[in-house]
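Please read the structure below before turning to the comments.
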Amino acid sequence: MKKALITGITGQDGAYLAKLLLGKEYKVYGLVRRIVNRDFSNLVYLGIEKDIEYIDGDLTDEASLIHVVKTIRPDEIYHLAAQSFVGTSWDQPIVTSEINAIGTLKLLDAIKHHHPSAKFYHAATSEMFGNSNFDGIQTEDTPFHPRSPYAISKLFAYWMTVNYKESFSMFCVNGILFNHESPIRGKEFVSRKITDVVARIKLGLAKDIKLGNLDSKRDWGFAGDYVEAMWLMMQEKEADDYIISTGQTHSVKDFLDIAFKHAGIDDWSNYVNIDPRFKRPAELFTLQGKSDKAQKKLNWKPKVNFEELVKMMVDADLKRLKK
C-alpha cells in the first residue's frame, strides 16, 4: 500500500485529493497544526474525515517536519499548505513568506536529508504570472511577473522545487494551477463569497454583496478535476512542471450572472455594491492558462465546465442554508 502525506489536508484541494487517494487505496496522512479549534469541515463534507491519519506538524517548525518525514517515510508528498489569500498577503507579507516560501524550503530540506526517494508535489499558482500574458494566454514558458506578496512567496517555492530536482536528483514537480473552485471553497475567495451570498439573498437572509473589480477575468475550473492532475504528475517516470487550467476565461460579472440566474434572480445589479476595500493595490486583470502539455503527457482534461461549476456551488450553498 502506497503512503501519501498531504500538507494543507483540511483545505479545499487537500480534502479532494485525500478522497481521490483513498479511492486508489493509499494510506493517507494529513499534516495538521496543533491549534485549539481544528476545522475538519471540508473532510466531513466529503465523508472521509475518519479515514485519514493525522500527524502534528508546522511549516514554520523545521524539527516537526523532519519528525514527520522520518516517521511516515511516505512514497508521495503533496505540499498544498499555504497562506493562500492574496488580499491577506498584502496585510501580512512576512508571515505569508515564512509559510509559503521558507516553509516549503524547510520541507524540501527535510525530504532531502531524511527521505530523498519520496516524490514531492508543490502546489504552485497562476498568480506567479501576474500580468505577463503577452499573447493573451500563459504557458509553461511564459515569463513570471508576480503582483502580490502571495505570488512572490509562491514563486520562491516554485524555483526551490525546481532547484532541488536539478541539484539533488529528487523527484520534485510543480503544478501551476489556475483558479479552481468547489462547494467547499473558503468564503474568503470571491467565487464562494458570491455563491454563498446569492443563496442567502434567495432565502431572504441577506440583501446585498460587496465586491471589488467586477471586470477581472480568471480561468476557473473544478477542484475535483485538478487534484487528479496532481496525482497523474506524480505517476510519471520523470518529474516535470505542468499548467493545469481550462483554457477559458470568465469575468466576475459572468460568475454573478450565472449564479444569480440559477437562483432565480435575473438582475444582479440591484444587489451588488462596489467596495474599494476589495480592490488590490496591484491589480491582476486576466489569467488564462494553456494546459496542452498536461493534456498530452498526462492524458488529463477538465470535466466540469464553468457554468456547471457555478451552478454546483450555488446548489450546495442553498442546501446548506436550508438545513
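Here's the picture: charge each Lys and Arg Cβ at +1 and each Asp and Glu Cβ at -1 in the chain, and of 260, 216, 142 the one pushed furthest to the positive end of that dipole is 260. The stretch between residue 92 and residue 235, if pulled fully straight at 0.36 nm per residue, gains 47.9 nm over its current Cα-Cα span.
Packing here is the average count of other Cβ atoms within 10 Å per residue, and on that basis the peptides 247-258, 45-56, highest first, run 247-258, 45-56. Across segment 179-280, the relative contact order, built from alpha-carbon pairs under 8 Å that are at least six residues apart, equals 37 percent.
For segment 106-193, chymotrypsin sites (Phe, Trp or Tyr not before Pro) meeting the loop criterion (DSSP other than H, G, I, E, B) and having at most 14 other Cβ atoms within 10 Å: 134. Using only Cα atoms and rounding to the nearest 10 degrees, what angle (0 to 90) does helix 103-114 make with the longest principal axis of the chain? Helix 103-114 sits at roughly 30 degrees to that axis. The distance from the alpha carbon centre of segment 28-91 to that of segment 219-245 is 20 Å, rounded to a whole number. The share of C-alpha pairs in the chain whose separation exceeds 37 Å stands at 14 percent. Loop-resident GluC sites (Glu not before Pro) (DSSP state other than H, G, I, E or B) in segment 102-201 with no more than 16 further Cβ atoms inside 10 Å of their Cβ: 140, 188. Principal axis extents of the C-alpha atoms in segment 19-128 (largest first, rounded to whole Å): 40, 36, 31. Counting only Cβ charges, +1 for Lys and Arg and -1 for Asp and Glu, the dipole size of the chain around its Cα centre is about 700 debye.
Cross-link partners of residue 237 among lysines, defined as those whose alpha carbon lies under 17 angstrom from its own and excluding same-chain residues fewer than eight positions apart: 2, 119, 165, 293, 296, 297. On the principal axes of its alpha carbon atoms, segment 41-187 extends 46, 40, 27 Å, with the longest extent given first. Calculate how steeply helix 306-322 sits against the longest principal axis of the alpha-carbon atoms of the chain, using the helix alpha-carbon long axis, and give the answer as 0 to 90 degrees to the nearest 10. Orientation of helix 306-322: about 80 degrees from the principal axis.
Modelled label positions at residue 85 and residue 273, each set 7 Å beyond Cα in the direction of Cβ, lie 2.0 nm from each other. Close amide H contacts of residue 120 (hydrogens built in the peptide plane, cut-off under 5 Å, sequence separation of 5 or more or a different chain): 77, 171, 172, 173. Between helix 223-234 and the chain there is an angle of about 20 degrees, using the helix long axis and the longest principal axis of the Cα atoms.
Values in this text are rule-based calculations from the coordinates and carry no lab data. Note that the coordinates shown come from a computational prediction; the quantities given were computed from them, not determined experimentally. Don't worry about glycine lacking a Cβ; one is built from the backbone with ideal geometry, like all the others, and counts go over all protein chains shown.
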